[in-house]
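Heads up: the structure comes next, in structure tokens.
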Amino acid sequence: MLILLSIFTILTHTPKINIENAWVRPAGKGMNSALYLSIKNNNTTSDILYKVGSDAAELVQMHQTVEKNGMAAMQRVKSVTIPAHKTIEFKPGGYHVMLIELKRDLNAGEKISFTLYFKRAGRIKVQAEVKHT
Amino acid sequence: MICHLIKIIDKEKVHSSIIKKFTPYIFLFIIVLITGCGKKLPEDKPLGFDSVTLLNQDSSNVLFPDMYKNKILLVAFIYTNCPDICPMTTHNMQLLQQEVEKENLKDVQFAELSFDPQRDTPARLKEFGNIRDIDYSNFNFLTGKEIDVKKILNNMNILALPGDTTKTQGGIVYFYTHTDRITLIGQDGKIRNEYRGSKANIQEIIKDIKTLED
């Protein structure tokens, strides 16, 4: 019984969504920056990231950069689906979480807190390092 | 070279009719080879405008492009409100600056011109540079009067169109759909090559700079 309980505890505490390599670009107060990360869905069903929150900026939105014929444009995305057993990368030149009108300077080496809101997994808190790349 | 080829052909004792048949093609190949070697970089376009006075991050006047005469210039096009593409371009310019120093390449200058002069004042450009630890020794962020900036953009085929907008407490924030580019200008003030700014191949650009130095 104890063994079964232990297995159950381990299984229920295995994170179903893994957030890795979260980082933010340095930028000054009043400017904009972006959060990048990898989201790994270990579930057997897909999940949807529908919101990202942070007190570092006036506004936090998900966007996607699209490049066509040498022109770069951004599109706002309302949500991003993370399929079962897949990883979605938020990376430069692709999906990114935009930090609009920063409330303070983001200097290299600092850590910034974010909350990711998923339809199934709920809230997940993330610490992202400010770094140059 | 032709004699050498003929000697080889003689050695191989190939039938003379074959030589006659292929001689025009050999000449054509040599001409193409010589012409190709002379034009090492793909572009050779004049900028097509008289110099304009811009301001750098310290509010000092920069006569563009006259100030860069007899120097190799890499110029990128950005706006500081850009969260994704322009920081990548700026990072690539930093990597290029470091590589130029490492390779001891002389008289190479770096500039980033803002296509959003209304918001990108010299002070804002300085802030954008400082937070990225830019080495200003041969690197200028440039802004200026809208009419002058437009003149440069039009002549250098850079498009920047205000697009995506977002409301904040402070008002409306707008973003641009824009050309993603770094341009290489030679010592003669002509455009010698163009690259994607955010995805620039550093070694390719360094190779082009070395070609211009030769």
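Taking the 1.4 Å solvent-accessible surface of the stretch B:104-193 as the whole, the part contributed by carbon and sulfur is 47%. For chain A, with all protein chains in place and a probe radius of 1.4 Å, 53% of the accessible heavy-atom surface sits on carbon or sulfur.
Counting Cβ atoms of other protein chains within 10 Å of each Cβ in B:205-213 and taking the mean gives 0.
Please state the shape class of the stretch A:40-133: rounded when a/c is under 1.5, otherwise prolate if a/b exceeds b/c and oblate if not, all from the C-alpha gyration tensor. Oblate. A Förster distance of 30 Å, applied to the separation of the beta-carbon atoms of B:Thr121 and B:Lys69, puts the FRET efficiency at 0.65.
Each label point was placed 7 Å from the Cα along the Cα-to-Cβ direction; for B:Ile172 and B:Glu204 their separation is 3.7 nm. Each peptide in B:139-147, A:92-100, B:41-49, B:75-83 receives the mean, over its residues, of other Cβ atoms within 10 Å, and ordering these scores from highest gives B:75-83, A:92-100, B:139-147, B:41-49.
For peptide B:153-163, the mean count of partner chain Cβ atoms within 10 Å of a residue's Cβ comes to 1.
Spin-label model, A:Lys16/B:Asn130: points 7 Å from Cα along the beta carbon direction are separated by 4.7 nm. What whole-number distance in Å separates the alpha-carbon centres of the stretch A:14-48 and the stretch B:54-80? So the separation of the two Cα centres works out to 37 Å.
Label-to-label distance for A:Asn43 and B:Asp107 is 6.3 nm, based on points extended 7 Å past Cα in the beta-carbon direction. Amide H contacts for A:Lys103 (H built 1.01 Å from N in the peptide plane; partners 5 or more residues away or on another chain; cut-off under 5 Å): A:Gly30, A:Ala57, A:Glu58. Taking amide H as placed 1.01 Å from N in the peptide plane, A:Gly94 has its amide H under 5 Å from the amide H of A:Thr65, each at least 5 places away in sequence or on another chain. Pairing chain B with chain A buries about 2500 Å² of accessible area. This figure sums both sides and uses a 1.4 Å probe. Solvent exposure of the stretch A:67-133 amounts to 56 Å² per residue of accessible area, where only protein heavy atoms count and the probe is 1.4 Å.
With a 1.4 Å probe rolled over the protein heavy atoms of all chains, the accessible area of A:Arg120, B:Arg132 falls in the order A:Arg120, B:Arg132, largest first. If the chain linking A:His85 and A:Asn69 were pulled fully straight, counting 0.36 nm for each residue of separation and taking away their Cα-Cα distance, it would gain 2.4 nm.
Would the stretch B:41-117 count as rounded, prolate or oblate if I go by the C-alpha gyration tensor, calling it rounded below 1.5 in a/c and otherwise prolate when a/b exceeds b/c, oblate otherwise? Rounded shape, in that the Cα axes give a/c under 1.5.
Mean sequence separation of contacting Cα pairs (under 8 Å, at least six apart), scaled by the length of the stretch A:53-133, corresponds to a relative contact order of 32 percent. Database remark: amide H of B:Gly163 closer than 5 angstrom to the amide H of B:Phe175, B:Tyr176, B:Thr177 (H placed geometrically; neighbours at sequence offset of 5 or more, or on other chains; Pro and chain starts carry no H). Averaged over the residues of peptide B:82-92, the number of Cβ atoms from other protein chains lying within 10 Å of each residue's Cβ is 6.
The values are calculated or read from the model by the stated rules, or taken from the named source; none is laboratory data. Computed from a prediction, not measured in an experiment: that's the story for all the values here. Virtual Cβ from ideal backbone geometry, glycine too; neighbours counted across all protein chains shown. The area values use the complete protein model at the heavy-atom level, side chains included, leaving out ligands, DNA and RNA. Shrake-Rupley method; radii C 1.70, N 1.55, O 1.52, S 1.80 Å.
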